């Protein structure tokens, strides 16, 4: 196999080496250092928010958000089953209970079913919404693959029932509304809290790392405090709360500052490459390139093909294995979290589209370095393979 086109790899075309070397040369490699505060300020400026705290991962950002939202033992948190499991695990860190609400065609949580759950399965006493005897404290909204959830409808429901909204924007840095009530607002800046990830496959990366923001600047300050072991007096090592070792390092932040400088160009390429794929899959008989929500400018982080299971009888695993033999790396969308061993006994609500898409979606190569020739090869190969499988 001569050709290999990876699914998604990082792109270091800018000042990454310069800034990281500077951090090393000045010996500021741990959680202190100028690049940490600079990355926070640059992210806040980019997102048009007042305050951002950077941390070790998107998971830690979500965990800090749940803590700050007041989620604790015995509470209920509404989540999606069609996402990466890291979006739900922090609920368990707080000894709370997730309830899985179905997604819509954007793969994001369905506001219609969210509202139905609150109205039909819960009791609202004018102060607290309860599911059985458990207070419904928060809702984790994942902007899947850079798509934007229907935030207008979601905020309306959450506001009615005093549910804190935690936006998991780990895949959606740079996605924003172009129309409607939230025109100009970025993913992660609409709800009460917003979490971001800079994992190796994200649109910008710090190797590992994340960030968290809030509509209340003091909440960000407190989450930053918690992320540094909640140290109130660094001289005497006094700690007034349970803290965490969640702070981002200066080396990671140096990489992040450089990557953020390149983000507009990375998004431009993502949009351009998605348009190329759209033309090439437009007439495909056996798959559909999934769209992004109208009225938004998505970062188009990951591209998704929906396979026609009526025509293609083989499992997704077989398709992925056959494509790998041609030098094309793809992956299936996640298995439903509600079907995973730690969560199989948790409540689900009207799951229809989540299992439908879980059995049909594969992600295709979308790196910012992918060439037009490689995009054409990917599309041609997939269309030919699916045609052959349909005729078997």
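Take the residues in the range 132-159 that are touching a helix residue (DSSP H, G or I) at 6+ places or on another chain (Cβ under 6 Å) and over 25 Å from residue 202 (Cβ atoms); name whichever of them is surrounded by the most Cβ atoms within 10 Å (Cβ to Cβ).
Here the residue is 157.
Take the conditions in contact with a strand residue (DSSP E or B) (Cβ under 8 Å, 6 or more places away or on another chain) and touching a residue at least 60 places away in the same chain (Cβ under 8 Å) and apply them to residue 192. Does it pass? Even if it seems obvious, please write down each step before you answer.
Values: in contact with a strand residue (DSSP E or B) (Cβ under 8 Å, 6 or more places away or on another chain): yes; touching a residue at least 60 places away in the same chain (Cβ under 8 Å): yes.
Yes.
Does the range 90-103 contain at least one residue that is in the same structural domain as residue 243 (by TED's automatic domain parsing), under 15 Å from the mean Cα position of the chain (by Cα), free of Cβ contacts under 8 Å to residues at least 40 places away in the same chain and part of a helix (DSSP H, G or I)? Write out each step before concluding.
Applying the first criterion (in the same structural domain as residue 243 (by TED's automatic domain parsing)) to the range 90-103 yields 90-103.
From what is left, the residues that are under 15 Å from the mean Cα position of the chain (by Cα) are 90, 103.
Filter once more, keeping what is free of Cβ contacts under 8 Å to residues at least 40 places away in the same chain: 90.
Within this subset, residues satisfying the condition of being part of a helix (DSSP H, G or I) are 90.
Yes, the range 90-103 contains a residue that is in the same structural domain as residue 243 (by TED's automatic domain parsing), under 15 Å from the mean Cα position of the chain (by Cα), free of Cβ contacts under 8 Å to residues at least 40 places away in the same chain and part of a helix (DSSP H, G or I).
Given the criteria free of Cβ contacts under 8 Å to residues at least 24 places away in the same chain and surrounded by fewer than 24 Cβ atoms within 10 Å (Cβ to Cβ), does residue 119 qualify?
Details: free of Cβ contacts under 8 Å to residues at least 24 places away in the same chain: yes; surrounded by fewer than 24 Cβ atoms within 10 Å (Cβ to Cβ): yes.
So residue 119 fits the description; yes.
Going residue by residue through the range 13-21, is there one that turns out to be at pLDDT below 95, surrounded by fewer than 20 Cβ atoms within 10 Å (Cβ to Cβ) and over 26 Å from residue 269 (Cα atoms)? Quick ask: steps written out before the conclusion?
Going residue by residue through the range 13-21, those that are at pLDDT below 95 are none.
Within the range 13-21 (the criterion being at pLDDT below 95, surrounded by fewer than 20 Cβ atoms within 10 Å (Cβ to Cβ) and over 26 Å from residue 269 (Cα atoms)), the answer is no, since none of the residues qualifies.
Just wondering, is there one or more residues in the range 199-214 that are over 30 Å from residue 368 (Cα atoms) and either modelled with pLDDT of 95 or more or touching a helix residue (DSSP H, G or I) at 6+ places or on another chain (Cβ under 6 Å) (or both)? Don't jump to the end; show me each part of the working.
Going residue by residue through the range 199-214, those that are over 30 Å from residue 368 (Cα atoms) are none.
No: zero hits.
Do you know which of the residues in the range 104-131 that are out of contact with any helix residue (DSSP H, G or I) (no Cβ under 8 Å at 6 or more places or on another chain) and in a helix (DSSP H, G or I) is nearest to residue 267 (Cα to Cα)?
113
When you look at residue 364, is it under 20 Å from the mean Cα position of the chain (by Cα), in contact (Cβ under 8 Å) with a residue 60 or more places away in the chain and crowded, with 17+ Cβ neighbours inside 10 Å, yes or no?
Working: under 20 Å from the mean Cα position of the chain (by Cα): yes; in contact (Cβ under 8 Å) with a residue 60 or more places away in the chain: yes; crowded, with 17+ Cβ neighbours inside 10 Å: yes.
Answer is yes for this residue.
List the strands (runs of 3 or more DSSP E) that sit entirely inside the range 197-310 and contain at least 2 residues that are free of Cβ contacts under 8 Å to residues at least 24 places away in the same chain, in contact with a strand residue (DSSP E or B) (Cβ under 8 Å, 6 or more places away or on another chain) and surrounded by fewer than 22 Cβ atoms within 10 Å (Cβ to Cβ). Reasoning before the result, please.
On the way: elements: 210-214, 231-233, 287-289, 303-307.
In the range 197-310, 231-233, 287-289 are the strands (runs of 3 or more DSSP E) which contain 2 or more residues that are free of Cβ contacts under 8 Å to residues at least 24 places away in the same chain, in contact with a strand residue (DSSP E or B) (Cβ under 8 Å, 6 or more places away or on another chain) and surrounded by fewer than 22 Cβ atoms within 10 Å (Cβ to Cβ).
Applying the selection to the range 42-66, what residues are closer than 17 Å to residue 185 by Cα and not in a strand (DSSP E or B)?
Here is the first cut: in the range 42-66, the ones closer than 17 Å to residue 185 by Cα are 42-52.
The answer is 42, 43, 44, 45, 46, 47, 48, 49, 50, 51.
Say whether the condition of being assigned to a strand (DSSP E or B), closer than 30 Å to residue 12 by Cβ and without any contact (Cβ under 8 Å) to a residue 40 or more places away in the chain is met by at least one residue in the range 324-342.
Quick first cut of the range 324-342, residues assigned to a strand (DSSP E or B) only: 328, 331-332.
Right, trim to closer than 30 Å to residue 12 by Cβ and you get 328, 331-332.
Filter once more, so that each one left must be without any contact (Cβ under 8 Å) to a residue 40 or more places away in the chain: 332.
The answer is yes; a qualifying residue exists.
The values are calculated or read from the model by the stated rules, or taken from the named source; none is laboratory data. As the structure is a prediction and not an experimental result, all values here were calculated from the model. Cβ sites come from the backbone with ideal geometry, for glycine too, and all protein chains shown count toward neighbours.
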